[in-house]
Amino acid sequence: MLLQTNPYLYQGHSDIYSVTSHVMLTGRGANKFAESIGITMVPTDKLVTEYERKEWEKHKKYIAGVNEEFNTQAHDTVGAVALDSAGNVACATSTGGIRNKMLGRVGDSPVIGCGGYADNISGAVSCTGHGESILKVTLARLILSHVEQGKSVEDASQLSLQHMGDRVQGAGGAIVVSPSGQWAAAFTTKRMAWAAAEDDVLWFGIDPKEKLKEKLSL
Ligand SMILES: NC(=O)C[C@H](N)C(=O)O
């Protein structure tokens, strides 16, 4: 399913290599490509829920609202990072973006190195939070640069989120996994719902410093 006019990142799609060596398409070109590989097109209004329509009515002032909101609240981005038994890492980031954005706004989520990054040398990251801030500091790549310089995934995430707060006053969160299986879920927003499956244990949390665990029945 493709939201019309949304940027469509198709890196990793199995059909891409037979079509082009580009890694990102947007707008009309993305729609044409999606159609050509059989992705179902739906009208934009079919993706608008009643709840979101009401929230949009409430938050019509973009400039005043958006940064503060991201600095305090959790949002709707869904991210995943994974490591397989052969040592391959992967990331995925999907978002509804932000409310009341300008036509043409591109957030961090589809931009490589910002909303996500994966490299078998250093690991995989998926980010959430204030997109403009994440773009300015290239958050996903920044975290992995710290990992490449010897920091643990936990320290690398904390340092990078701290840097984003200091330099551009933006809040956010990240999940990270390294090729050796170290992982972290870090955030500077008030809350971030996260979970991690490691062997037969499920780790999860939502508030700062919360780290609960449950044995999985496999
Ligand atoms: N909920 C989010 O994380 C929003 C996303 N990062 C954006 O700014 O588009």
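The values are calculated or read from the model by the stated rules, or taken from the named source; none is laboratory data. Just so it is clear, the model here is predicted, and its values are computed rather than measured. Glycine gets a Cβ as well: all are built from the backbone with ideal geometry, and neighbour counts include every protein chain shown.
Pairs meeting the criteria (first residue in the stretch 80-105 and within 30 Å of GLY181 (Cα to Cα), second residue charged (D, E, K, R) and within 16 Å of the ligand (Cβ to nearest atom), beta carbons under 8 Å, at least 6 apart or on different chains) are THR95/ASP76; GLY96/GLU52; GLY96/ASP76; GLY97/ARG105. None of GLY79, GLY123 is under 10 Å from the mean Cα position of the chain (by Cα), among the small types (Gly, Ala, Ser) and under 19 Å from MET164 (Cβ atoms) except GLY79. In this structure, is GLU214 more than 15 Å from THR128 (Cα to Cα) and in a strand (DSSP E or B)? Spelling it out, GLU214 is indeed more than 15 Å from THR128 (Cα to Cα) and in a strand (DSSP E or B). For the stretch 100-110, residues that are surrounded by 15 or more Cβ atoms within 10 Å (Cβ to Cβ) and more than 10 Å from the ligand (Cβ to nearest atom) total 1. For the stretch 134-154, filtered to residues that are small (Gly, Ala, Ser) and free of Cβ contacts under 8 Å to residues at least 40 places away in the same chain, the residue that is farthest from the ligand (Cβ to nearest atom) is GLY150. Count of the stretch 119-132 residues, restricted to those that are buried (at least 23 other Cβ atoms within 10 Å of the Cβ) and either within 12 Å of the ligand (Cβ to nearest atom) or part of a loop (DSSP other than H, G, I, E, B) (or both), is 6. Please list, ordered by residue number, the strands (runs of 3 or more DSSP E) wholly in the stretch 155-210 having 1 or more residues that are closer than 20 Å to ALA86 by Cα and assigned by TED's automatic domain parsing to the domain that holds THR138. In the stretch 155-210, 172-177, 183-187, 194-198 are the strands (runs of 3 or more DSSP E) which contain 1 or more residues that are closer than 20 Å to ALA86 by Cα and assigned by TED's automatic domain parsing to the domain that holds THR138.
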